[in-house]
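Below is one structure; the comments refer to it alone.
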Amino acid sequence: MKEKTCESTAIVGVAKNAGKTTVLSAFMEQWSLCGPLGVCSIGIDGEERDAWSGRPKPQLKIPEGVWVATTGAIIDQKPGHFAVWEGTGITTTLGEVWIAQTTRPTQVKLAGVHTREEAHRVIDGLQRAGVRRVVVDGAYDRRMAASPWVTDSVILVVGASLGASMSALVSKTAEWLRLFSLPVCPEPDREALTPLLVHRGVYRKREGTWKSCAALTLMEQEALNTEILKAEAVALSGALTDRMLRHMMQQGCYPRLIVSDWTRIFADPVLLRRYLERGGRIETVRSAVLRGVAVNPVSPEGHVFPPQELKARVAELCKPVPVFDVWRDPLEEGGDRDPLG
């Protein structure tokens, strides 16, 4: 197995228009001073306008000397701004994804990958180029970037667009943070489930042994009654959804549920809390490392929260994880020191 020589960090917005692009640009500026840096995206980032609202979006600023993974068609739009290194063999609707190094400060659209395997291939390519840190761009609807099976750590971006009031924003932030604190399943279960969960399906544990269920989801009534109700634990390779939880709760079924990682949980936080309060338990095979939280007190809809109060209230939730306001506390003041330590 090839030795890993670079660290990867995902930057993920918890809501649309949270301010992720500005945070990503700020961290790249700082990290580019700390050693060879690479950046890639899950999906597409750096568009001029928001696909939903049509509002202008801040452009992704890439410092000179940073390695990027994007398509040749996008690289060709900026002649003289990139030195192309190698192709990845990954084809998107915008063409093949290439690895290149910026020859001057520039703005660029990152057209990225869509599967875990493609993400690993791009990160491996950036590592071969000599990169010591990779920043993976994600969004609230692209959680895969923040999976601990893809990246080593996560920076969450909490923006005013998450809630119309300070209380609503803080409450929803707490819900996101709760996902990072889910317990990891015991070591014997991790060893048994790691090779199993790469395949689609549901697995149940009885008498200390994990076996595949006949059902492919928790929605199949017969399998729920005959296999899952009597199981010590149940593991899912896919997403845990509202419908699945409601279906089990209607049957009085509260097994110990295990998912691959926190990004597989798409159930409503209220429903999750109700499931846990009634005796259920939710665990992950691998936990994610939350390295920092960035806050943005301004919403595109027009409302603004007091910056210091927002930062203080989020920091209280996150202890001891550091909280940043890159709009008002520039990371550049730290010189060539990594702001995350």
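Summary table
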quantity: Other-chain or far-sequence residues with amide H under 5 Å of Ile282's (modelled H); calculated: Leu257
quantity: The chain - accessible surface per residue (Å², probe 1.4 Å); calculated: 45 Å²
quantity: 222 nm mean residue ellipticity, helices alone, for the chain (DSSP H n ≥ 4; -39,500 (n - 2.57); rounded to 500); calculated: -7500 deg cm²/dmol
quantity: Efficiency of FRET from Cβ geometry, Lys319 and Ser165, R₀ 25 Å, rounded to 0.05; calculated: 0.65
quantity: For region 19-31, 3J(HN,Hα) per residue [Karplus equation, 6.51 cos²θ - 1.76 cosθ + 1.60, θ = phi - 60°, Hz, x = Gly/Pro]; calculated: x, 4, 5, 5, 5, 4, 4, 5, 5, 5, 4, 6, 5
quantity: Per-peptide average of other Cβ atoms within 10 Å, ordering 10-16, 314-320, 119-125, 252-258 highest first; calculated: 10-16, 119-125, 252-258, 314-320
quantity: Solvent-accessible area, 1.4 Å probe, carbon plus sulfur percent, for the chain; calculated: 51 percent
quantity: Distance violations [Cα-Cα > 19 Å] among Lys109/Lys311; Lys61/Lys109; Lys20/Lys78; Lys205/Lys230; Lys20/Lys319; calculated: Lys109/Lys311; Lys20/Lys78; Lys20/Lys319
quantity: Stokes-Einstein D for the chain, Kirkwood Rh over Cα pairs, 37 °C, 0.692 mPa s (µm²/s); calculated: 154 µm²/s
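The values are calculated or read from the model by the stated rules, or taken from the named source; none is laboratory data. As the structure is a prediction and not an experimental result, all values here were calculated from the model. For neighbour counting, all protein chains shown are included, and Cβ atoms are generated from backbone atoms with ideal geometry for every residue, glycine included. Just so you know, the surface numbers come from the protein's heavy atoms only, side chains and all, with ligands and any DNA or RNA stripped out. Shrake-Rupley method; radii C 1.70, N 1.55, O 1.52, S 1.80 Å.
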